[in-house]
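Below: one structure, written as structure tokens.
The values are calculated or read from the model by the stated rules, or taken from the named source; none is laboratory data. A quick note: this is a predicted structure, and the numbers were derived from the prediction, not measured. Neighbour counts are summed over all protein chains in view; Cβ atoms, including those assigned to glycine, are modelled from backbone coordinates with ideal geometry. The protein model used for the area step is the full one, side chains on, heavy atoms only, and it has no ligands, DNA or RNA in it. Shrake-Rupley method; radii C 1.70, N 1.55, O 1.52, S 1.80 Å.
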Amino acid sequence: MTRSEVAAWVKERVEANIGPSAIRRALNLLKALFEAAVDDELVPANVARKVEPPTRPEGPADWYTQAEVAAITAELRAVGRESDAVMVEVMCWVGLRWGEAAALRGDDIDWLRQMLTVSHVLTQAGRDKSYPKTSSSVREIPVPAWLIDNLAALLVGRERDARIFVTQRGSVDLSAANWRKVYEAALERAGVDHGTPHTCRHTCASWLVQEGVSLYEVSRQLGHSGVQVTQRYAHLSAEV
């Protein structure tokens with residue numbers, strides 16, 4: 001299979017009036033399968049990697065209230081999943097994508113300056129990539145002191161450069177599909193009837209805009225490719 005064949009496959013589904021979300025999910029699965037095949041040396045390259053899904057209208061982003069985030073993390077902690085609770089806090093309060101949070105290591109954090117550097121990601125297939133989504137995604141972000149403490153607690157007794165978020169079995173990288181199941185179960189127990197892991201990232205942007213942070217600064221913190229991407233949060237600003 002070639003890249004042009006994958007692109008033609010996407011085009012055929014668009015012309016068949018299949019919804020953009022369904023095509024996006026199928027394409028993401030195909031990309032993950034190719035990544036796994038590359039890791040197993042079954043194919044030389046992921047020919048689907050640079051194929052773009054169809055665009056979809058961007059409405060107002062879904063986001064959580066602070067009470068909802070507290071309820072979700074409380075449910076995770078109630079079943080002994082402290083690491084997953086802290087990961088939700090990182091995505092909601094710092095604005096990381098799931099793959100950026102899952103890839104974090106102890107040496108990605110300047111503990112004294114309370115800053116976090118995003119320079120690599122964990123793919124859906126579990127592969128660590130030394131570059132994030134776009135060049136804008138490489139960034140340094142301030143982290144609240146209480147969250148720095150929560151992150152530090154996860155590294156007690158482990159190497160300073162260890163992966164921060166791992167499975168409960170220890171030192172095993174997270175699986176996006178398995179983590180989502182844990183997350184959705186916590187949503188249900190918390191009585192939160194909306195959202196996905198990516199809603200955590202929208203939540204950070206929404207909170208920042210409501211606090212009066214400029215769209216430019218929000219764009220920089222989230223690593224958007226341009227401030228136009230951040231415009232979908234503009235309606236939450238007191239200046240609008």
In region 9-27, residues that are over 28 Å from the mean Cα position of the chain (by Cα) and hydrophobic (A, V, I, L, M, F, W, C) total 1
Mind checking which pairs have a first residue in region 201-217 that is under 14 Å from Val69 (Cα atoms) and a second that is open to solvent by 20 Å² or more (accessible area, probe 1.4 Å), Cβ under 7 Å, 6 or more apart or different chains? Arg201/Arg97; His202/Asp62; His202/Trp63; Thr203/Trp63; Cys204/Trp93; Ser206/Trp63; Ser206/Leu236
Scan region 163-172 for residues that are farther than 12 Å from Ile109 by Cα and assigned to a strand (DSSP E or B) and report the count. 1
Kindly indicate which of Thr123, Thr167 is free of Cβ contacts under 8 Å to residues at least 24 places away in the same chain and surrounded by 14 or more Cβ atoms within 10 Å (Cβ to Cβ). Thr167
Taking region 100-145 only, how many residues are modelled with pLDDT of 90 or more, part of a helix (DSSP H, G or I) and among the small types (Gly, Ala, Ser)? 4
Only residues that are within 15 Å of the chain's Cα centre (by Cα), part of a helix (DSSP H, G or I) and surrounded by 15 or more Cβ atoms within 10 Å (Cβ to Cβ): list them for region 183-218, please. Tyr183, Pro197, Thr199, Cys200, Arg201, His202, Thr203, Cys204, Ala205
Expected output for region 135-147 (first residue within 15 Å of Leu112 (Cβ to Cβ) and open to solvent by less than 20 Å² (accessible area, probe 1.4 Å), partner hydrophobic (A, V, I, L, M, F, W, C) and assigned to a strand (DSSP E or B), Cβ below 6 Å, 6+ apart or cross-chain) is Val143/Leu116
Any residue at all in region 85-101 that is over 23 Å from Glu52 (Cα atoms) and either among the aromatic types (Phe, Trp, Tyr) or without any contact (Cβ under 8 Å) to a residue 12 or more places away in the chain (or both)? yes
Does Arg81 satisfy the condition of being more than 27 Å from Thr230 (Cβ to Cβ), touching a residue at least 40 places away in the same chain (Cβ under 8 Å) and open to solvent by 80 Å² or more (accessible area, probe 1.4 Å)? no
Determine which member of the set Glu68, Glu89 is buried (at least 17 other Cβ atoms within 10 Å of the Cβ) and more than 19 Å from Leu174 (Cα to Cα). Glu68
Scanning region 94-109 residue by residue, those among the hydrophobic types (A, V, I, L, M, F, W, C) and open to solvent by less than 10 Å² (accessible area, probe 1.4 Å) turn out to be Val94, Leu96, Ala101, Ala102, Ala103, Leu104
Looking for something within 22 Å of Thr230 (Cα to Cα), modelled with pLDDT under 95 and part of a loop (DSSP other than H, G, I, E, B) - is there at least one such residue anywhere in region 146-162? no
If you go through region 26-39 one residue at a time, do you hit one that is touching a Pro at 6+ places or on another chain (Cβ under 7 Å), surrounded by 12 or more Cβ atoms within 10 Å (Cβ to Cβ) and among the hydrophobic types (A, V, I, L, M, F, W, C)? yes
